[in-house]
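Below: one structure, written as structure tokens.
The values are calculated or read from the model by the stated rules, or taken from the named source; none is laboratory data. Given the structure is predicted, the values throughout are model-derived calculations rather than measurements. Every residue, glycine among them, receives a Cβ derived from its backbone with ideal geometry; neighbour counts consider all protein chains shown. What goes into the accessible areas is simple: the full protein's heavy atoms, side chains included, and nothing from ligands, DNA or RNA. Shrake-Rupley method; radii C 1.70, N 1.55, O 1.52, S 1.80 Å.
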Amino acid sequence: QECDRSGNERLEGRELEEFCRRLLRRPELEELFGRYSGEDRVLSAEELQDFLREQGEESGLRHARAVICRHELNEKARQQDLMMLDGFMMYLLSAAGDILNQEHTKVHQDMSQPLSHYFISSSHNTYLTRNQIGGTSSTEAYARALRAGCRCVELDCWEGSDGEPVVYHGHTLTSKILFRDVIESIRDSAFEVRAGGGAGGARCPVPGAEAAPPHGQKSPYPVILSLENHCGLEQQATMARHMKTILGDRLLTQPLPGQDPHDLPSPEQLKEKILVKGKKLPELWQEPRGVTNLLDPEEEEEEEEEEEEEEKDASQVSPELSALVVYCQAVPFPGLAQALRHPQPCQMSSFSERKARKLIKEAGPALIRYNARQLSRVYPLGLKMNSANYNPQEMWNAGCQLVALNFQTPGYEMDLNAGRFLPNGRCGYVLKPLCLRSPPGEGSRRLALHIRVITAQQLPKLNRDKGSSIVDPFVRVEIHGVPADCAKQQTHHKLNNGFNPRWEETLRFQVRVPELALVRFVVEDYDSTSCNDFVGQFTLPLPSMRQGYRHIHLLSKDGASLSPATLFVHVRAKSL
């Protein structure tokens, strides 16, 4: 109404321009711009250079001119190496002003170390689209997980009719899908271009406008098929035949030439390969031995079907299927003392979350040493009918590589998983910190982390049917890391303002092991009478977070972009 100067109940020409300007107004950016541009309200290349230096970025004059050239909208200003307020806003809303270090949106880590030196994005009950009692099984769930960067998927294989094995959650009402169809879906999705999402893509800073889709990425790094096998020998041979026929050359069936067959190869060496994790028949020259004596009887009782299956005599494995297991031989856990005395890098064990927690509590440092040499997989308790997840951070702290989560269950656990695998080009492999690769390693440099929460923009309404659907937002910042680093702090809430709430509150943290820490920014709608409602979040590893004035592009509960909803913060990290 204020902009409708002509009073004809529509906006035209200049009126529309003024309306957009008012929508786009960012008083806090105008103040910041004024601080560096001085009286004339125009940034010279030299003044921009000062700003970039304080952002902790490359601050040469040449770089400052390149920033002006890329983001300044006014042609005349651009030709004179000057930046106006609009150009400055465009710059801060672009990928260059994102909180995520843009170098980390590409594969930037050393990929030539043994598999055990990486965290590997892993899915549990991958075939489920909902819960594990009555949910639907679907091949599309595999495609979705692989496109989201998952590199280890699970197949629960059972006897099917007509000699065809099926995948489903046994002894439940979940629907069944053919093993053959699952393998075809994995072949088609394992290394294809993925849908983009999250931080770092091309974005449109205009409220209400659609963001351009981020460039698709694909991960060339190996996919591990975690087989939970309940089939008889005949259908196991059928499974082996399907994998060989459908996956062809991509299926790894032999140790890599020129590599010690008892050492784990690197993700680089296994590019575009699919590995099978399963039980293996004893080599002919080895004494076949019963494995029951390797487990503590009490442990045996509380573990679930995955481990019970592994405990069965290995003679239940068909030679055809056994031959496909090269680097990921599933074995019952022999105990840390035995495993550390006689490391077997190509053998791996699975632990329920409960057993993993017990090991961490009783022998954390020994488990870290074990995980430096061998792979371990952690999975959620089967007692959770609703496919609930557990906190993956405590397992990563102990160096566990394959921390399997229910990808179909949104929540903070999946936010942490997405944050952990956000850097390194979202390729599904992240190099573990040095302290977990060659323990005990040197101590970390402690950090003082100060995050000033300045403003938010365009927060969505949560319940459009209610008259009072405008949010009362507050921001919580959470640190997830080693137990001593776990902390959270929040701002006050702002009444009835999802459009441009302003807090200007500084939250302070001390982080002892920054290389393991994740930072999660959460926006919630304050409610004095009931639980606060989730609005949006963004999670990233502390080492991938940039300092200075930064925008955070918020994501929904299931990880989709909430564009144009953003937080604007100032980050400062100082070594102590």
Would you be able to tell me the number of residues in the stretch 144-177 that are part of a helix (DSSP H, G or I) and closer than 21 Å to residue 386 by Cβ?
2
What pairs can you find where one residue is in the stretch 417-437 and closer than 19 Å to residue 479 by Cα, the other is open to solvent by 20 Å² or more (accessible area, probe 1.4 Å) and not in a loop (DSSP other than H, G, I, E, B), and their Cβ atoms are less than 6 Å apart, with a gap of 6+ or different chains?
423/104; 432/117; 433/515
Select from the stretch 194-227 the residues that are modelled with pLDDT of 95 or more and not in a loop (DSSP other than H, G, I, E, B) and write down the one among them that is farthest from the chain's Cα centre (by Cα).
227
Wholly inside the stretch 463-552, strands (runs of 3 or more DSSP E) that include 2 or more residues that are among the aromatic types (Phe, Trp, Tyr) are 502-511, 533-541
All but one of (1) at pLDDT below 85; (2) in the same structural domain as residue 379 (by the TED database); (3) aromatic (Phe, Trp, Tyr) hold for residue 285; which doesn't?
(2)
Residue in the stretch 108-117 that is over 30 Å from residue 404 (Cα atoms) and either crowded, with 20+ Cβ neighbours inside 10 Å or assigned by the TED database to the domain that holds residue 409 (or both) present:
no
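Rundown of residues vs (1) open to solvent by 10 Å² or more (accessible area, probe 1.4 Å); (2) in a helix (DSSP H, G or I); (3) touching a Cys at 6+ places or on another chain (Cβ under 9 Å); (4) at pLDDT 95 or above, yes/no style:
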residue	(1), (2), (3), (4)
315	yes, yes, no, no
320	yes, yes, no, yes
324	no, no, no, yes
329	yes, no, yes, yes
334	yes, no, no, yes
338	yes, yes, no, yes
345	yes, no, no, yes
350	no, no, no, yes
Considering only the stretch 225-243, state which residues are exposed (fewer than 15 other Cβ atoms within 10 Å of the Cβ) and closer than 20 Å to residue 185 by Cβ.
241
Expected single match for farther than 27 Å from residue 516 by Cα, in contact with a Leu (Cβ under 9 Å, 6 or more places away or on another chain) and either assigned to a loop (DSSP other than H, G, I, E, B) or open to solvent by 10 Å² or more (accessible area, probe 1.4 Å) (or both) among 180, 187, 130 is 187
In the stretch 474-489, the residues that are surrounded by fewer than 19 Cβ atoms within 10 Å (Cβ to Cβ) and either of a type in the set (Asp, Glu) or farther than 18 Å from residue 435 by Cβ (or both)
476, 487, 488, 489
So residue 409 clears everything in (1) within 20 Å of the chain's Cα centre (by Cα); (2) at pLDDT 95 or above; (3) open to solvent by 20 Å² or more (accessible area, probe 1.4 Å); (4) not acidic (Asp, Glu) except one condition, right? Which one?
(2)
In the stretch 53-107, what residues are more than 17 Å from residue 540 (Cβ to Cβ), part of a helix (DSSP H, G or I), open to solvent by 60 Å² or more (accessible area, probe 1.4 Å) and among the charged types (D, E, K, R)?
53, 54, 62, 65, 70, 75, 76, 78
What are the residue pairs meeting all of these: first residue in the stretch 527-546, first residue open to solvent by 50 Å² or more (accessible area, probe 1.4 Å), second residue not in a strand (DSSP E or B), Cβ atoms under 7 Å, and 6 or more apart or on different chains?
532/526; 533/462; 533/527; 543/514; 543/515
For the stretch 138-177, name all the residues that are small (Gly, Ala, Ser), open to solvent by less than 50 Å² (accessible area, probe 1.4 Å) and closer than 21 Å to residue 236 by Cβ.
160, 163, 170
Mind checking which residues of the stretch 1-23 are within 20 Å of residue 457 (Cβ to Cβ) and in contact with a helix residue (DSSP H, G or I) (Cβ under 7 Å, 6 or more places away or on another chain)?
3
Among the residues in the stretch 522-536, are any closer than 18 Å to residue 563 by Cα, among the β-branched types (Val, Ile, Thr) and in contact with a Leu (Cβ under 6 Å, 6 or more places away or on another chain)?
yes
The stretch 426-457 - residue that is part of a strand (DSSP E or B) and within 21 Å of residue 395 (Cα to Cα) and, of those, most open to solvent (accessible area, probe 1.4 Å)
431
Name the one entry in 48, 23 that is open to solvent by less than 70 Å² (accessible area, probe 1.4 Å), in contact with a strand residue (DSSP E or B) (Cβ under 7 Å, 6 or more places away or on another chain), farther than 20 Å from residue 452 by Cα and in a helix (DSSP H, G or I).
48
Scan the stretch 317-373 residue by residue and report those that are basic (Lys, Arg) and within 23 Å of residue 392 (Cα to Cα).
354, 355, 357, 358, 361, 369, 373
Quick count over the stretch 253-277, residues being open to solvent by less than 50 Å² (accessible area, probe 1.4 Å) and either modelled with pLDDT under 95 or among the small types (Gly, Ala, Ser) (or both), is 2
Against the conditions (1) open to solvent by 70 Å² or more (accessible area, probe 1.4 Å); (2) within 25 Å of the chain's Cα centre (by Cα); (3) at pLDDT below 95; (4) polar (S, T, N, Q), where does residue 563 fall short? Just the number, please.
(1)
Filtered residue count, the stretch 547-560, keeping only those that are open to solvent by 10 Å² or more (accessible area, probe 1.4 Å) and either out of contact with any Gly (no Cβ under 9 Å at 6 or more places or on another chain) or in contact (Cβ under 8 Å) with a residue 24 or more places away in the chain (or both):
8
Anything in the stretch 383-406 that is assigned to a helix (DSSP H, G or I) and open to solvent by 30 Å² or more (accessible area, probe 1.4 Å)? List them, or say none.
394
Out of (1) open to solvent by 60 Å² or more (accessible area, probe 1.4 Å); (2) touching a residue at least 40 places away in the same chain (Cβ under 8 Å), the one residue 42 does not meet is (1)
